[in-house]
Amino acid sequence: MSDGSGFPGFRSHSCDRDYTRPLFRVASFSDSGDEQEHHVSSPGGRSHSMKRTMSSKTAAPSRLSPSMSRLSMKKLPQVIDEKSMEDEEMELMKEKYTKLLLGEDMSGSGKGVCTAVAISNSITNLYATVFGTCHRLEPLSPEKRSMWNREMDCLLSICEYIVEFSPTVQTMPDGSTHDVMATSPRSDIMMNLPALEKLETMLLGILDSFHKSEFWYADQRNQSFNENKKSFQRNEDKWWLPEPCVPDSGLSDRMHRELQQKRDQASQIHKMAMEINSGILSEMQVPSSYLETLPKSGRVGVGDAIYRYMSSGDQFSPEHLLNFLNLSSEHEALEIADRVEAAMYVWRRKASTTHVVSKWEHVTEMNADGDKNLVLASRARSLLLCLKQRFPGLSQTTLDTSKIQYNKDIGQAILESYSRVLESLAHNIVSWIDDILIADENVKKGHKNRMQKQVVSQLSPQR
């Protein structure tokens with residue numbers, strides 16, 4: 001089982017190419033020191049995103065302003081401290097939005113990234129700041145949760161102003177009618193944003209449910225003297241991560257069932273977030289810079305062995321092909337994914353010369369009309385989906401990274417980055433739960449063996 005606690009997204013310095021999901025491109029939108037009091041997440045989502053953040057600042061009706069009525073009830077030193085804290089938070093928010101509007105180019109010369117990329121980086125870096133040091137199955141600290149809620153409210157509030165126009169008939173007070181253009185939330189935002197907010201609430205709820213648990217964590221650096229009693233052995237490349245510990249007799253049946261239920265829930269959330277992310281990425285325009293790097297033919301892209309398997313016979317099984325390839329690491333899986341995806345676009349481009357296709361996702365072997373390029377493109381897409389299901393923590397492909405880099409649609413940038421960070425959080429929660437279940441299984445096996453040895457020693461004849 002892959003250890004998700006390694007937190008996908010950190011750049012590997014051992015290879016020339018970054019094969020990790022680009023979660024933590026460091027920008028300066030979020031600082032770890034930017035904290036304020038805890039605001040509880042509203043189960044209703046962020047349809048009125050600023051209400052939750054501002055709710056703590058309202059006061060009882062008074063002739064004084066809210067801030068003055070609050071200050072009048074406190075002693076002078078406390079008033080000065082809270083006033084300075086509010087001023088500091090306001091200055092930090094001004095600085096962050098200034099960097100966002102400048103496109104991360106502090107020179108002001110207009111050489112920064114476009115607004116869509118800047119917002120995508122902001123969500124990515126906020127996630128890295130809040131969850132980058134979380135390696136335990138426990139609730140978020142109030143400071144980190146407050147930072148997450150506050151800044152995500154601000155970033156997601158942009159979607160409230162992304163609308164589309166539709167013709168409608170408006171009836172006037174005198175009974176006359178007029179044709180007007182009415183505004184409504186853009187369809188992709190209206191469909192995906194509430195779903196993502198619900199998934200976020202569920203994930204944070206899973207973490208909150210472990211405020212009292214039967215397991216705990218120990219720092220490996222302090223456990224080197226007790227190697228023989230370890231119930232969980234982590235890979236050497238993750239030596240710095242804490243190790244889960246359980247009681248000598250193992251977890252109770254209730255805790256074990258709860259962990260399994262939470263794991264199944266997080267796994268379903270991961271699949272839904274991944275499906276939303278894939279849908280958003282498929283809607284993004286393919287950059288011309290990527291199309292220029294495509295191979296001349298799909299066979300050259302995937303190689304002779306994979307091409308022969310994909311082009312032979314009427315029955316194609318992506319599972320059998322992956323078993324034949326016997327991929328042993330995510331590094332190899334990502335290379336295959338890049339090659340198959342490039343070949344898929346080569347076959348699609350050839351097929352588009354004779355067929356008009358509105359959405360390639362709807363093209364299957366059944367409606368390919370015997371066109372070889374359409375069949376191969378469909379099989380390549382099914383192989384990619386199977387590959388991502390077999391390697392749920394797979395990093396983004398070259399095409400996905402290129403789409404995010406050159407995307408200029410702000411709505412798509414928000415939905416893509418939001419779904420990507422939730423996908424990563426769900427994957428980590430599943431990995432953390434798996435680590436605890438493995439530690440519990442090892443402890444129970446050891447406890448059972450010790451009990452059997454005691455029984456044998458009691459039954460054996462004394463000399």
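What's the extension gain from Gln389 to Cys114 if we count 0.36 nm per residue and subtract their Cα-Cα distance?
Working: separation 275, 0.36 × 275 = 99.00 nm, distance 3.24 nm.
That pair, Gln389 and Cys114, stretches by 95.8 nm at full extension.
Can you tell me the order of 200-206, 336-342 when each peptide is scored by its average per-residue count of other Cβ atoms within 10 angstrom, highest first? Display every interim value, and only then the final one.
Numbers: 200-206: 18.1, 336-342: 21.3.
Top of the packing list down: 336-342, 200-206.
Between Lys372 and Met106, how high is the FRET efficiency from 1/(1 + (r/R0)^6) when r is the Cβ-Cβ distance and R₀ = 45 Å? Nearest 0.05.
Working: r = 53 Å, r/R0 = 1.17.
Using R0 = 45 Å, I get an efficiency of 0.30.
Legend: residue pairs Lys296/Lys403; Lys262/Lys388; Lys99/Lys144; Lys212/Lys388; Lys96/Lys198, Cα-Cα distance threshold 25 Å; pairs beyond threshold, Lys212/Lys388; Lys96/Lys198. The calculated FRET efficiency for Ser317 paired with Met93, based on their beta-carbon distance and R0 = 56 Å, is about 0.55. A simple spin-label model places pseudo-atoms 7 Å from Cα toward Cβ; at Leu325 and Ser282 they are separated by 1.9 nm.
Length gain on complete extension for the stretch Asp304 to Thr183, per 0.36 nm per residue less the alpha carbon to alpha carbon distance? Can you show the working numbers first?
Details: separation 121, 0.36 × 121 = 43.56 nm, distance 5.27 nm.
Difference between extended and current length: 38.3 nm.
Residues within the reach of a label modelled at Thr293 (point 7 angstrom out along Cα to beta-carbon, backbone nitrogen below 19 Å), restricted to the stretch 404-444, are 404-408. Between the beta carbons of Asp208 and Thr168, assuming R0 = 41 Å, the FRET efficiency works out to 0.40 to the nearest 0.05.
Bear in mind that the values in this text are calculations on the coordinates, not laboratory data. Predicted model only: the values in this text are computed from it and were never measured. Cβ atoms come from the backbone with ideal geometry, glycine included; neighbour counts cover every protein chain shown.
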